[in-house]
């Protein structure tokens, strides 16, 4: 699939790190390094602008290495970039650790997954079909 992209960053285009990777790394595009304090969040620019085809979205997800090693995550995970959005891709990083974390220009800060989606059409009804689970919620299927 071809996707139009404008790269106003100082960095290479996102790419898959292996042949079977689902996500592409996104890079911080900042003028100077900064410290993300414990429980602090910040919007990090990437310098990238996309034109996704109708029926597709880009999901912004945390990088597992940053999460396990440093407690760094994407706050609204997964973040969604809709096909009609034309602004810069920004990543909301959050520091969930008790240690400060330095973000440098060019750091791999998140991954982006391109996915197909469906648009729902509601069919309002008086009741829903019964299931074995019924109204059982959180933890109700544990035995």
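FYI, it's all coordinate maths here, none of it is from the lab. Values in this document were obtained by computation on a predicted structure and should not be read as measured data. Methodologically, a virtual Cβ is constructed for each residue, glycine included, from the backbone with ideal geometry; neighbour enumeration extends over all protein chains shown.
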Next item on the list: Calculate, for residue 104 and residue 84, the FRET efficiency according to 1/(1 + (r/R0)^6) with r their C-beta to C-beta distance and R0 30 Å; round to the nearest 0.05.
Entry: 0.40
Next item on the list: For the stretch 57-136, just list the percent of Cα-Cα distances falling in each 10 Å bin from zero outward, please.
Entry: 14, 33, 21, 20, 10, 2
Next item on the list: Going by C-beta contacts inside 10 Å, put 16, 85 in order with the fewest on the left.
Entry: 16, 85
Check: When the chain is modelled as a GNM with alpha-carbon springs shorter than 10 Å, which of 44, 68, 89 fluctuates the most?
Finding: 68
Margin query: Taking the number of other C-beta atoms within 10 Å as the exposure measure, put 61, 133 in order starting with the fewest.
Written below: 133, 61
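What's the exposure ranking of 63, 86, 41, going from fewest to most Cβ atoms within 10 Å? List each step's numbers first, then the result.
Numbers: 63 20, 86 11, 41 16.
Least crowded to most crowded, the residues run 86, 41, 63.
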Check: Taking a quarter of the surface of the convex hull around the Cα atoms of the chain, what do you get in nm²?
Finding: 12.7
Check: Which value in nm describes the separation of the simple spin-label points at residue 38 and residue 116, placed 7 Å from the Cα toward the beta carbon?
Finding: 4.7
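By per-residue mean of other Cβ atoms within 10 Å, what is the highest-first order of 93-103, 117-127?
Working: 93-103: 15.8, 117-127: 5.9.
The packing order, highest mean first, is 93-103, 117-127.
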Notebook entry, point to check: Put a dot 7 Å past each Cα toward the Cβ at residue 15 and residue 31; how far apart are the dots in nm?
Noted result: 2.9
Notebook entry, point to check: Using 7 Å Cα-to-Cβ label points, what is the residue 69/residue 131 separation (nm, one decimal)?
Noted result: 4.0
